[in-house]
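Since the structure comes first, as structure tokens, the remarks are kept for the end.
The values are calculated or read from the model by the stated rules, or taken from the named source; none is laboratory data. Remember, predicted model here, so these are calculated numbers, not experimental data. Here the Cβ positions follow ideal geometry from the backbone for every residue, glycine too, while neighbour counts run over all protein chains shown.
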Amino acid sequence: MSNSSFLRAFTRFDLCAVLLAATLLPAAAHAGEVVVAQKNKAFSTPAITIHVGDKVSFRNDDAFVHNVFSLTDAMPFDLGTAPQGQAKSIAFNKPGKFEIECAIHPEMRMIVTVTP
């Protein structure tokens with residue numbers, strides 16, 4: 001392969017990579033993050049609405065541990081225990097309505113609605 005052939009092939013590859021990145025970056029650039037505090041054995045809000053790809057960070061402002069989880073069929077998860085001052089995050093990559101709870105304090109419940 002001559003230098004000019006290699007350069008043309010390399011340039012085509014670079015162009016494809018740039019176009020692919022330009023296609024994917026706008027979606028990632030629009031992803032947001034919402035912080036939900038946990039205080040006095042309650043979530044700071046009973047419900048939020050976010051978009052697919054957004055992240056929710058559950059921050060523990062109580063003096064004891066919390067364990068955020070969801071058994072919603074579309075995307076079950078368990079973030080594990082978080083002590084005071086720590087936050088655990090999750091990105092919601094599917095649309096739907098997610099019931100969020102604390103495994104330690106069953107009275108702690110909220111809804112996360114994820115729109116396309």
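A few remarks follow.
- Within region 46-57, restricting attention to residues that are part of a strand (DSSP E or B) and in contact (Cβ under 8 Å) with a residue 40 or more places away in the chain, the residue that is nearest to residue 108 (Cα to Cα) is 47.
- Evaluation of residue 64 against (1) under 19 Å from residue 104 (Cβ atoms); (2) part of a strand (DSSP E or B); (3) not acidic (Asp, Glu) (one fails), failing number: (2)
- Flag if residue 73 is at negative phi and in a loop (DSSP other than H, G, I, E, B): yes
- Whether a residue is at pLDDT 95 or above and assigned to a strand (DSSP E or B) was assessed, and residue 98 passes this test.
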